[in-house]
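Q: This structure is in structure tokens; I'll ask about it shortly.
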Amino acid sequence: MEIYLDANATTPVLPQARAAALAAMDQDFGNPSSIHSTGLKARALMDAVRARARRVLQLEGGRLLFLSGATEGIQTAVLSALNALRERRASGDTRALTLLYGATEHKAVPEALKHWNQLLGLDLPLRAIPVGRDGRHDLDWLRAELPQAGLVCTMAANNETGVISDLDGIAALLDAQPGDLRPLWLVDGVQALGKLALRLEARRIDYAPFSGHKLYAPKGIGLLYVRDGAPFTPLQVGGGQEGALRSGTENMSGIAALGAVLAALEEGRSFRDAATLAQFRARLTQALQEAFPNLQFNAPQALCLPTTLNFSVPGLPARLLMDMFDAADVRVSGGSACSAAKAQPSYVLEAMGLPPSQTTSALRLSFGPAADEDFIAEACARIRACGEALRENCLSIEDNHPLPADGVTRFVVDGACCWLVADASRRRCVVIDPLPQLNERLAQWLRCQGYQLAAVLDTHTHADHESSAQALREAVPELLQGGTPDLLGWPAAQQRLELGRCWLTRLAIPGHTDDSVAYLLHDEHGLRMAFSGDIVMPGQLGRSDFPHSAPLAYLDSIKRLAAAVGPHGLLAPAHDEDHRFATTLSAEAAQQPLLGRALAGQIEAAAFAAELTALSEQAGLPRCGPMACGAGAATQAPPPQALSLDGLRALLERAPHTCVVDVREPYEQRLSQLPELPGLARALSAVPLSRLVDALPQWLALPAETPLVFFCRSGNRSAQAAQALRRLGHEAAYTLAGGVALWPRTAAADASLDAALLV
Ligand code: PLP
């Protein structure tokens, strides 16, 4: 069962609303403007729904229009208000023309204000009303600004935090303005419908837009309340529907569905009362606090809708939490808009003055008033299961009980790579090329696993910044082992660094810097990979123009590396700008002509050094930027080869030796149940993207025609994995388009999704 906790984005459609919509499409399909019986029936239905909406909103007067949703309602209200201000100004009255809007309004409001202000050529001043730490409008600021204001926009409840505005406080300030200068007032009622009494008339609100799909009606139907006497300008004109205030044939199935929702609200069926909703919130709060002991709520619950919880978990990015919840079939939303690469801070939380740690990692959990006991109980159970998954992966701050780590893990920060090599047999590990941004997380991981830290190694000293190796050692003194480290962290007087079943040796490769080394990872089967620093990176060679570079030694170092690892030995680099994970000398030689000539013995050391310098200059890199370590042309990624689910089915049937790889992180894998697919169980393995490099040698040893199909939640990570394999020469690598998000759960869902995707 999916636990849908994103009701502030949209809600499912209530069964009786669906039935009403179907009936309106099936039997009562008339056009309410037609005067024959079919049309009259439609009009009667529409009138009845409008009357019901008036009762629910406790309206005696005013106009209530059906339109497509809140965004249209906001445009209509803003256009109406701005047109009135334009007329007033044109008549010579230039007082009170500022447009005020709450700093945490939904983007539809400030964008509509900007758009119409510009389009109407008004150029009226626009100002955001600041909010306090509690998310509420600063009423002192508003009091001071109101004498200049022509329009005030303040939402009833915030969609990200659930913070309820002090509408009575705002109304009192507006009432205190002289009658002819009382600004027009727009209150976005989207998140309040069915949850708060808005008292639109008593508060003398001029415009209030609503969206049906935030309260169990379908998308595409909304309402706009307009106070009697408030100025009005239609957004669209034509056939004169809705009393000529909003032309266009009405969305009758949407109106019918909205009517069914309003009926349920009026009759007190289907929806929980405020006390029950508050109790549901308390249960969810407790489950969240148990799962994430250091969680912080981003808004005071006493001021919020009981149906919205906005929180951050220090140290855990919103994206990680969202992926994990999604794997547990719990749908939540980033309180901030997460782009694929980087989380954007939430402007709502920023306006509240919360620190970046909270604004960039916020998560919103919202449920609708139709939620019931069973739903909340299951939601709490899943949240607790997420906490357990974090504990197994050392991602919780307390009570961790880790699964023992083994193998090579990669961490990336802005293209810089840090490697962790762990050996479960003797519970020892090594960190290579530590990064300051990761120190806290690595220290927590090390303490949680309780592994001995055999060394913290750098592949070279840096021209422009200090290594964070010493800081990491100091963070976990109790786990440190081995002799006094040299400048790069290698324990003095040791030839090889034993980890257990695997061990490291060193290879000097001066060039990028005069002290550069590669660390070679061996096991009983031979060389597994080389941590090669900046000498040869995916798509680029290291720079050699730092004061402590050794350009003339570079060529020899490449040859020494080639002798040690061979053309196809895996190189795990210190930088990877575009998700290539690892590379080989042969793959790089094919892309980088200078390297090709170096390996073929076609160039001398001095000429090589000169050409490398020229390449760095061509690339226009700053001389000493921390991330500007290489020189070379970015190469085009091969397009990912995507398979549909049907394609995967066919492949599993046709090629039984297919390997299907789940590249989601272990906490996601643990929480999710994959649906049955014939042949899948035999083909399936789990290799999280952070461990991809560990598995590369075994995949690259497979026959070239063996299909490797990667999948993840949405298809992004699996596309990276498939491209990495293709770049390294395994052409038969595929990504499952859309990931498990599009993986249907039942045969019926399967058929309907297939049909939908065909359209
Ligand atoms: N206002 C608020 C507070 C909202 O939450 C939303 C939707 O998220 C809107 C306006 C816009 O609603 P719609 O996209 O349905 O037009």
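The values are calculated or read from the model by the stated rules, or taken from the named source; none is laboratory data. This is a predicted model, so every value here is computed, not measured. Cβ sites come from the backbone with ideal geometry, for glycine too, and all protein chains shown count toward neighbours. Heavy atoms of the whole protein, side chains included, go into the accessibility calculation; ligands, DNA and RNA do not. Shrake-Rupley method; radii C 1.70, N 1.55, O 1.52, S 1.80 Å.
Q: Here are Gly240, Gly248, Gly229, Gly220: which of them is in contact (Cβ under 8 Å) with a residue 40 or more places away in the chain, assigned to a loop (DSSP other than H, G, I, E, B), assigned by TED's automatic domain parsing to the domain that holds Gly61 and under 27 Å from Trp185 (Cα atoms)? Give the steps one after another, and end with the answer.
A: On the way: Gly240 fails: in contact (Cβ under 8 Å) with a residue 40 or more places away in the chain; Gly248 fails: in contact (Cβ under 8 Å) with a residue 40 or more places away in the chain; Gly229 fails: in contact (Cβ under 8 Å) with a residue 40 or more places away in the chain.
Selected residue: Gly220, the only one of Gly240, Gly248, Gly229, Gly220 that is in contact (Cβ under 8 Å) with a residue 40 or more places away in the chain, assigned to a loop (DSSP other than H, G, I, E, B), assigned by TED's automatic domain parsing to the domain that holds Gly61 and under 27 Å from Trp185 (Cα atoms).
Q: Has region 89-104 got any residue that is within 16 Å of the ligand (Cβ to nearest atom), touching a Ser or Thr at 6+ places or on another chain (Cβ under 6 Å) and either open to solvent by 40 Å² or more (accessible area, probe 1.4 Å) or farther than 25 Å from Phe232 by Cα (or both)? Before the answer, list the steps.
A: Taking region 89-104 as the starting set, the residues that turn out to be within 16 Å of the ligand (Cβ to nearest atom) are 101-104.
Subsequent filtering for residues that are touching a Ser or Thr at 6+ places or on another chain (Cβ under 6 Å) retains 102.
After this cut, where a residue has to be either open to solvent by 40 Å² or more (accessible area, probe 1.4 Å) or farther than 25 Å from Phe232 by Cα (or both) as well, the list is none.
Scanning region 89-104, I find no residue that is within 16 Å of the ligand (Cβ to nearest atom), touching a Ser or Thr at 6+ places or on another chain (Cβ under 6 Å) and either open to solvent by 40 Å² or more (accessible area, probe 1.4 Å) or farther than 25 Å from Phe232 by Cα (or both), so the answer is no.
Q: Answer with yes or no whether Leu126 is touching a strand residue (DSSP E or B) at 6+ places or on another chain (Cβ under 6 Å) and open to solvent by 30 Å² or more (accessible area, probe 1.4 Å). Let's see the steps before the verdict.
A: Details: touching a strand residue (DSSP E or B) at 6+ places or on another chain (Cβ under 6 Å): yes; open to solvent by 30 Å² or more (accessible area, probe 1.4 Å): yes.
Against the criterion (touching a strand residue (DSSP E or B) at 6+ places or on another chain (Cβ under 6 Å) and open to solvent by 30 Å² or more (accessible area, probe 1.4 Å)), Leu126 qualifies.
Q: Can you tell me how many residues in region 413-450 are out of contact with any Cys (no Cβ under 8 Å at 6 or more places or on another chain) and open to solvent by 20 Å² or more (accessible area, probe 1.4 Å)?
A: So the answer is 14.
Q: When you go through (1) within 23 Å of Phe546 (Cα to Cα); (2) surrounded by fewer than 19 Cβ atoms within 10 Å (Cβ to Cβ) one by one for Asp458, which number turns out not to apply?
A: (2)
Q: Additional query: Out of the residues in region 157-166 that are within 8 Å of the ligand (Cβ to nearest atom) and open to solvent by less than 10 Å² (accessible area, probe 1.4 Å), which is farthest from the chain's Cα centre (by Cα)? Write out each step before concluding.
A: As a first pass, look at region 157-166 and keep what is within 8 Å of the ligand (Cβ to nearest atom): 157-159.
Filter again for open to solvent by less than 10 Å² (accessible area, probe 1.4 Å), leaving 157-158.
On the way: Ala157: 23, Asn158: 20 Å.
The selected residue is Ala157.
Q: Considering only residues of region 129-152 that are under 22 Å from Ala208 (Cα atoms) and in contact (Cβ under 8 Å) with a residue 60 or more places away in the chain, which is surrounded by the most Cβ atoms within 10 Å (Cβ to Cβ)?
A: Step by step, filter region 129-152, then rank; the result is Gly135.
Q: Which one of these is at pLDDT 95 or above, surrounded by fewer than 22 Cβ atoms within 10 Å (Cβ to Cβ), of a type in the set (A, V, I, L, M, F, W, C) and within 24 Å of His106 (Cα to Cα): Phe375, Phe367, Phe297? Please lay out each step first, then the result.
A: On the way: Phe375 fails: within 24 Å of His106 (Cα to Cα); Phe367 fails: surrounded by fewer than 22 Cβ atoms within 10 Å (Cβ to Cβ).
Going through Phe375, Phe367, Phe297 in turn, just one is at pLDDT 95 or above, surrounded by fewer than 22 Cβ atoms within 10 Å (Cβ to Cβ), of a type in the set (A, V, I, L, M, F, W, C) and within 24 Å of His106 (Cα to Cα): Phe297.
Q: Report, by residue number, each residue of region 1-45 that is away from the ligand (no atom under 16 Å from the Cβ), crowded, with 17+ Cβ neighbours inside 10 Å, among the aliphatic types (A, V, I, L, M) and farther than 19 Å from Thr308 by Cα.
A: Leu14, Ala20, Ala21, Ala24, Ala42, Leu45
Q: Also, quick follow-up: Of the conditions (1) surrounded by fewer than 16 Cβ atoms within 10 Å (Cβ to Cβ); (2) within 24 Å of Gly162 (Cα to Cα); (3) among the acidic types (Asp, Glu), Glu350 fails just one. Which one is it?
A: All conditions pass for Glu350, except number (1).
Q: Which count do you get for residues in region 62-81 that are touching a strand residue (DSSP E or B) at 6+ places or on another chain (Cβ under 6 Å), more than 16 Å from Ala244 (Cα to Cα) and near the ligand (Cβ under 10 Å from one of its atoms)?
A: Number of matching residues: 3.
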